[in-house]
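Reviewing the structure listed below.
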Amino acid sequence: MSDAVNPLANPKGGKKLCELCHKPAYLQCTKCRVTFYCDVAHQEADWLSIHNRVCQMLVPVRAPAPFHKLQTEREQHRAEIRKAQEQLISMSEEEARRWLFEGRCQEALPAARLCLRIAMETHGPNAVQLVPAYLLLAEANVGLGSPSLAEEYLSQAEWTVLKTPDCSGVLRHQLHRNLGSLYLTTDNLDAALQHYANDRERDSLGSLYSSTDNQDAALQHYANNVYHASEQYGLDSIVTCGGYFLMASVFKKQNKMDIVNSLYSKVADSWHGHLSKLMENRMKLSVHQTLSEVERCEGDRTLTSMLEQQEEMNTDSALNQFNSAQLLHCLAMLWSLAGSWTKALQFGHRALVESQRVKDHSLTGPIQELLTWAQTHTHTHTSPPAITH
């Protein structure tokens with residue numbers, strides 16, 4: 001998998017640096033021969049995180065450019081390299097995000113670093129296209145308990161966004177979501193609220209904040225997360241509801257459980273509506289839409305967390321039973337769309353039991369239909385078509 005680097009083979013004045021730490025490298029990947037490492041541990045970490053997927057894609061990007069006499073050939077070569085760079089950025093960003101949603105922050109770091117490095121080479125050191133990589137690195141460092149490093153990356157991202165007036169709402173939403181998470185981790189709840197809230201939703205969410213000690217700051221500054229997401233995706237999108245879920249985590253620390261439950265209800269409704277639509281298209285129209293890997297990971301983490309909260313309440317109220325049935329139904333649909341039929345049936349049967357304990361049996365029919373559909377696929381399919389929604 002690796003060969004020792006021969007320093008005499010380097011160009012005069014050139015040094016081979018480790019892919020992960022930029023220290024002098026002594027090992028070389030034997031497959032691509034354009035990637036170097038200081039030791040076996042860093043090579044193995046990079047291979048697990050991202051290199052196994054992009055090894056050969058790095059060759060044309062990092063190998064010396066061939067000599068072309070004609071201008072058209074040189075332009076064609078540059079276009080091919082640019083296309084390969086964009087593919088590398090997209091793939092490394094997707095992999096880093098997948099690791100983060102699985103809670104494996106250490107594994108996300110090499111992929112996020114590659115994303116940043118290729119983005120810099122492609123767009124320059126100050127381009128707004130670097131912001132997603134900064135955010136991934138910040139989120140990984142928050143998860144690893146390194147808030148100071150996370151703050152450095154977020155400061156760079158924030159500076160880049162501020163100097164880019166036409167920066168998309170998606171990036172602004174992601175930036176403030178990460179800033180909120182950083183402050184939540186450091187128990188700076190007021191600062192977290194200032195980055196999670198939404199000024200445009202005074203009418204619909206204002207009542208939720210009326211009991212908070214910092215309602216003015218919440219209502220004034222919360223637009224930085226949910227607002228930008230709602231501008232881009234709509235108020236009921238599963239992207240937007242990610243902001244509501246983070247808001248709930250702040251109020252949970254403040255022990256304001258009425259607000260937490262209200263926000264969780266909005267998140268559950270958004271996911272239930274989204275997944276129900278996908279399942280209807282799949283079962284009735286044979287339209288093979290499904291969730292991306294990143295959406296599946298986020299959905300699993302979000303819905304499972306809320307379900308655990310419902311179970312901790314341990315009440316027999318009709319509302320609690322309905323909420324539990326709805327969340328279990330969501331998880332059953334989620335795993336059906338992912339082709340994990342055993343999990344889908346497990347959550348589906350639990351959802352059916354909970355729904356039948358509620359006087360309003362509106363969920364019972366759809367759950368039974370899902371169970372029947374999943375059972376017919378248990379022994380005939382192992383995975384859905386690789387088409388993402």
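Since every read-out is calculated from the coordinates, none of them should be taken as a lab result. Note that the structure is a prediction, hence the values are computed from the model and not measured. When we count neighbours, we look across all protein chains shown, and the Cβ atoms used for this are built from the backbone with ideal geometry, even at glycine.
Here are the numbers for the structure shown:
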{"quantity": "Separation in nanometres of the label points that stand 7 Å from Cα toward Cβ, at Asp39 and Lys23", "calculated": "0.6"}
{"quantity": "Region 39-150: relative contact order as a whole-number percent, Cα under 8 Å and 6+ apart", "calculated": "25"}
{"quantity": "Cα-based shape type of region 1-158, given that a ≥ b ≥ c are square roots of the gyration tensor eigenvalues and the cut on a/c is 1.5", "calculated": "oblate"}
{"quantity": "Filtered chymotrypsin sites (Phe, Trp or Tyr not before Pro), region 56-131: DSSP coil and at most 10 other beta carbons within 10 Å", "calculated": "Phe67"}
{"quantity": "Cut-off 13 Å between beta-carbons: net charge of the residues surrounding Asp46, Lys and Arg +1, Asp and Glu -1", "calculated": "-1"}
{"quantity": "Cα-Cα over 30 Å, subset of Lys16/Lys83; Lys256/Lys359; Lys266/Lys359", "calculated": "none"}
{"quantity": "Within straight-line cross-link reach of Lys23, lysines at Cα separation under 24 Å, skipping those fewer than 8 residues along the same chain", "calculated": "Lys12, Lys15, Lys31"}
